[in-house]
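Shown next, in structure tokens, is the structure this report addresses.
None of the figures in this text is laboratory data; all of them are computed from the coordinates on show. Keep in mind it's a predicted model, so treat the numbers as computed, not measured. No Cβ is skipped: glycine too gets one built from the backbone with ideal geometry, and neighbour counts run over all protein chains shown.
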Amino acid sequence: MNEAGNSIRNEETAGYDPASVELKWQQSWSERRTNETDVAQAPDPFYALMMFPYPSAEGLHVGNLFAFVGNDIYGRFQRLQGHNVFEPLGYDAFGIHSENYALKIGRHPMDLIPQNIANFRRQLERAGLMVDWSKTLSTTDPEYYKWTQWVFLQLLKQGLAYKKQAAVNWCPSCKTVLANEQVIGGACERCDTPVEQRFLSQWFFRISDYAQRLLTNLDKLDWSESTKTAQRNWIGRSEGAEISFPVKRNGEEMAIRVFTTRPDTVFGATYLVLAPEHPLVGSLTGALHKSAIEQYLARSAKQDVVTRKSNTDKTGVFTGSYATNPATGEEIPIWISDYVLMEYGTGAIMAVPGHDERDFEFATVFGLPIVRVVCAQGEEPSAPLTEAFTENERGIIVNSGKFDGMTVATAKREIVSMLERKGAGRAVVNYRLHDWCISRQRYWGPPIPIIYCDDCGAVPVSEKDLPVVLPHVEDFKPDDSGVSPLARHEDWYRVACPKCGKMGRRETDVSDTFLDSAWYFLRYPSVGIDEVPFDSALTQKWLPVNSYIGGNEHAVLHLLYSRFVTMVLHDMGILGFEEPFTRFRAHGLIIRNGAKMSKSRGNVVIPDQYIEKWGADAVRTYLMFLGPFEEGGDFRDASISGVKRFLDRLWASVMVASESEDANGTGDHDVMRKLHQTIRKVGDDIPRLSYNTAVAAMMEYMNALRRGERTPARAEVEPLVQLVAPFAPHIAEELWEKLGKEGSVFDAGWPAFDSALASDEKIELVVQVNGKTRGKLSVPRDITQDDAVAAAMKEQTLSKFVIGAPRKIVFVPGRLLNIVV
RNA sequence: GCUCGGGUGGCGAAACCGGUAGACGCGAGGGACUUAAAAUCCCUUGGGCCAAAGCCCAUGCGGGUUCGAUCCCCGCCCCGAGCACCA
């Protein structure tokens with residue numbers, strides 16, 4: 001066997017020079033516009049979208065490339081299946097990343113971004129993606145953000161944009177607003193100064209109005225289950241009740257409303273707690289307690305949002321006031337504590353220390369009464385509680401008057417209807433999802449298109465006056481003036497009110513980057529059209545997106561915001577669908593030496609040197625082979641060689657087949673069977689993104705092709721070139737040409753498999769005795785149970801395990817025989 | 001703490017519906033070719049026992065269901081990601 005395989009030797013691979021083959025085809029694709037889609041004509045459209053990158057100065061790294069190649073394979077496969085595939089790619093270039101980087105190296109983002117984009121474009125083209133570059137975009141282009149501002153105005157028109165005071169993280173040393181991710185352990189990431197919260201008037205979108213729809217629609221979407229779960233958790237629906245606790249103070253009557261998911265425990269509510277920001281705090285403050293309360297409020301106001309939420313030690317202060325528990329009629333004290341959050345529910349809670357861990361802890365610290373109102377089955381109702389009893393599945397209500405003995409579920413219903421009759425409560429649903437704050441006190445983003453006028457208030461910029469262009473200013477650096485960078489440019493912000501003409505002032509905040517990315521997929525097909533954000537005929541043809549691939553780090557915000565914006569535009573009659581992405585799959589993460597790639601670790605891999613050394617085809621195929629696409633894996637240099645070897649062998653085999661005189665036969669029967677099995681397998685694997693096993697199947701076929709001393713037939717290699725094409729498009733084009741084919745392999749279609757040929761006529765039947773595998777028999781595919789038993793018993797090696805008469809025979813046709821004795 | 005992933009050879013992994021555990025690849029060992037090396041090609045490669053035929057053990061740990069469990073159920077341990085006082 002030493003000489004086996006001699007007919008395919010390395011001499012033939014000498015002709016395979018990835019660099020020249022790849023550049024040749026990249027040039028050809030560009031000249032022949034192979035990757036451009038006629039978006040207006042396209043009879044069978046397929047929109048294969050990938051999340052657009054932030055064009056960093058370091059360039060595209062292998063993590064980006066992994067995602068893009070994964071999408072590219074899917075797109076190329078769809079094209080081979082006969083669809084008109086549209087695979088656009090643009091740049092998400094606004095935002096704090098670019099701004100901070102520009103500040104750090106002392107350059108202007110407007111100069112930096114075009115450079116970064118050019119570098120990305122070079123890298124992306126070199127990787128051989130089937131991107132339609134005639135339809136690219138950048139969120140920083142006024143022609144693009146003009147329409148981002150338009151989206152804002154549509155939301156405003158619908159009453160879905162509003163302004164309110166909200167907390168931001170403020171660094172007293174840098175004198176600037178920080179994003180949550182710039183706050184590390186309660187301190188500014190740059191100077192380590194403790195961060196404070198400040199209240200600023202900011203723009204919000206009413207995404208919480210859409211909470212239920214955003215939740216309900218998830219059931220209809222073909223998305224990664226993990227992504228849907230993340231969205232469900234983020235929306236955080238909880239069913240419960242709102243209960244009113246009356247308060248009498250200085251002859252005045254008021255009520256404190258609380259939200260609870262456990263109305264069944266209302267008899268155990270022994271005190272109330274308000275968030276420090278609760279509006280009733282002032283009117284409930286007793287004279288004796290005033291200074292303590294003021295101290296406490298000042299203390300919690302100073303703490304930044306991140307730290308405050310990570311405090312788990314319970315602190316608080318008594319208001320001096322009491323409320324009446326509507327169930328027991330008892331007077332209970334009202335406290336203030338920062339463990340209650342103003343932004344959830346009503347900003348006030350009824351504390352049930354017996355059945356809530358946090359309340360238990362608080363009651364223990366301040367010596368407040370703890371009452372048991374739920375028992376485990378058979379437990380004594382007077383048994384003391386050493387910790388909160390939160391089990392509610394098997395809980396029985398106690399110490400709650402006529403509700404005693406009910407299950408928790410029943411008591412929830414009954415107590416809520418009792419409170420309803422008294423006018424003291426009602427069943428409500430609450431969501432964790434908060435409204436979306438889109439204001440950023442920064443420079444590098446689209447200005448929010450609003451003009452403030454002393455007489456007319458906040459007036460939207462007229463749509464015909466868009467875009468509000470972000471001015472090129474040198475001092476975009478946040479400084480101690482304490483305002484947004486644009487607020488230092490009077491010549492820019494002073495402008496006439498669109499309504500009354502009086503001198504007004506532009507909004508000087510810019511909008512969140514997530515707004516840029518919440519609608520970009522609508523723009524791609526219409527890139528180049530100036531009059532509208534998206535042409536309605538093109539939008540109807542191409543959207544919703546057929547396949548969207550991206551990282552799970554955007555599982556919540558980006559995908560939720562995109563869905564929200566799409567729903568709003570749908571409700572306005574502008575879009576004919578309310579969900580933007582029919583199918584979404586989250587790809588895995590590429591790590592390096594067991595760790596996440598990051599600049600600080602210094603383990604970011606830029607693909608350029610690998611592409612130079614091995615070729616784009618090898619790097620692409622390697623990335624897809626290193627692990628399951630939806631899980632990712634470790635980028636290891638050593639393993640690329642195996643994929644390169646495969647491509648070399650592919651080259652050699654096809655060259656031999658194409659040059660051989662007598663290679664036009666129908667192919668060897670066994671090889672052809674393996675080929676058709678491979679066609680079936682690769683065609684099954686690609687749609688479920690099982691790229692690693694698809695590559696393995698092609699390698700396996702390559703091994704079969706090379707086995708024995710023979711020259712491969714054209715019929716044995718031609719379909720293989722088509723199978724390889726999505727993964728390694730350049731070598732596929734070149735070999736397709738070498739085989740004498742006209743035109744791009746991507747217009748040649750996907751090979752059909754012959755299912756009769758693909759199935760073996762003989763199978764290996766596994767024979768077990770008592771469930772233990774004892775051997776296998778080569779038998780006809782359709783063998784009957786009786787014949788199989790007879791065949792097995794004939795084999796001494798098998799029958800020796802069958803001691804006595806079989807008690808039971810388990811026969812799985814075509815698979816396995818199990819004899820139980 | 002909660003939610004979602006995951007734990008399989010020296011390593012990356014496969015096993016799609018409960019039916020041969022380890023496909024495919026890397027690495028390693030041996031061999032062919034070569035003056036030599038690289039490249040290429042061939043063979044071996046989970047662990048143990050044995051001269052061999054063969055047998056036993058093995059999918060994080062402990063139980064269970066089943067003729068049969070990497071896969072399903074119960075109870076743990078560990079790793080990764082996200083959320084985190086959400087009442």
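Some values worked out for this structure:
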{"item": "Burial ranking of peptide ranges A:734-745, A:553-564, A:633-644 (average Cβ count within 10 Å, highest at the top)", "result": "A:553-564, A:734-745, A:633-644"}
{"item": "Geometric extent, Cα atoms of segment A:261-398 - Rg, Dmax (angstrom)", "result": "15.5, 49"}
{"item": "Cα-derived Rg over Rh, computed across segment A:693-773 with Rh taken as Kirkwood radius", "result": "1.12"}
{"item": "Partners for residue A:248 among aspartates and glutamates (Cα-Cα distance below 14 Å; same-chain residues under 8 apart left out)", "result": "A:330, A:331"}
{"item": "Volume in Å³ per residue [convex hull over Cα atoms, computed for segment A:56-115]", "result": "92"}
{"item": "Tilt relative to chain A, helix A:18-32 - C-alpha long axis, 0 to 90 degrees, to 10", "result": "70"}
{"item": "A:265, A:193 arranged by Cβ crowding within 10 Å, fewest neighbours leading", "result": "A:193, A:265"}
{"item": "Cβ charges +1 (Lys, Arg) and -1 (Asp, Glu), total dipole of segment A:78-141, debye", "result": "200"}
{"item": "Per-peptide average of other Cβ atoms within 10 Å, ordering A:95-106, A:333-344 highest first", "result": "A:333-344, A:95-106"}
{"item": "Cα lying deepest toward the dipole's positive end in chain A, options A:548, A:527, A:254, charges on Cβ", "result": "A:254"}
{"item": "Cα centroid separation - segment A:53-103 against segment A:202-244, whole Å", "result": "28"}
{"item": "Residue exposure sequence - A:655, A:50 - by fewest surrounding Cβ within 10 Å", "result": "A:655, A:50"}
{"item": "Farthest positive-ward along segment A:596-746 dipole, Cα basis, beta-carbon charges - from A:698, A:605, A:665", "result": "A:605"}
{"item": "Simple Cβ-charge dipole of chain A, Lys/Arg +1 and Asp/Glu -1, about Cα centre, in debye nearest 20", "result": "1400"}
{"item": "Test item: Cα-centred dipole of segment A:552-706, Lys/Arg +1 and Asp/Glu -1 on Cβ, debye", "result": "500"}
{"item": "Rounded FRET efficiency, nearest 0.05, which uses the C-beta distance separating residue A:759 from residue A:141 and R0 of 51 Å", "result": "0.40"}
{"item": "Among beta bridges that DSSP assigns inside chain A, antiparallel share in %, nearest 5", "result": "75"}
{"item": "For segment A:636-691, convex hull volume per residue from C-alpha positions, Å³", "result": "101"}
{"item": "For segment A:9-154, diffusion coefficient by Stokes-Einstein and Kirkwood Rh (Cα), 37 °C, 0.692 mPa s, µm²/s", "result": "190"}
{"item": "Cα-based Rg of segment A:368-483 normalised by 2.2 N^0.38 Å, two decimals", "result": "2.11"}
{"item": "Distance from segment A:515-585 to segment A:426-466 (C-alpha centre basis), Å", "result": "21"}
{"item": "Anchor residue A:596: lysines whose Cα lies under 29 Å away (excluding residues fewer than 8 positions away in-chain)", "result": "A:104, A:228, A:309, A:613, A:644"}
{"item": "All-pairs Cα distance distribution in segment A:424-514, expressed in whole percent, bin size 10 Å", "result": "16, 40, 25, 10, 8, 2"}
{"item": "Surface/4 of the Cα convex hull for segment A:108-150, nm²", "result": "3.6"}
{"item": "Leading residue at positive end of dipole, segment A:320-434 (Cβ point charges), from A:366, A:337, A:434", "result": "A:434"}
{"item": "Degrees, to the nearest 10: A:729-738 long Cα axis against longest axis of chain A", "result": "20"}
{"item": "Residue exposure sequence - A:234, A:147 - by fewest surrounding Cβ within 10 Å", "result": "A:234, A:147"}
{"item": "P(r) tail fraction, chain A - alpha-carbon pairs more than 39 Å apart, %", "result": "55"}
{"item": "Estimated vicinal HN-Hα couplings, Hz - segment A:50-56 in sequence order (Karplus 6.51, -1.76, 1.60; Gly, Pro = x)", "result": "10, 4, 6, x, 8, x, 6"}
{"item": "Segment A:192-295: relative contact order in percent, alpha carbon pairs under 8 Å with at least 6 residues between", "result": "15"}
{"item": "Chain A: angle of helix A:785-794 to the longest principal axis, Cα-based, in degrees nearest 10", "result": "60"}
{"item": "Peptides A:788-796, A:403-411, A:509-517 ordered by average Cβ neighbours within 10 Å, highest first", "result": "A:509-517, A:403-411, A:788-796"}
{"item": "Aspartates and glutamates whose Cα lies under 14 Å from that of residue A:599, excluding same-chain neighbours fewer than 8 positions away", "result": "A:58"}
{"item": "Dimensions in Å of segment A:500-611 - Rg and Dmax from alpha carbons", "result": "19.1, 63"}
{"item": "For segment A:403-410, 3J(HN,Hα) per residue [Karplus equation, 6.51 cos²θ - 1.76 cosθ + 1.60, θ = phi - 60°, Hz, x = Gly/Pro]", "result": "8, 4, x, 6, 6, 4, 4, 5"}
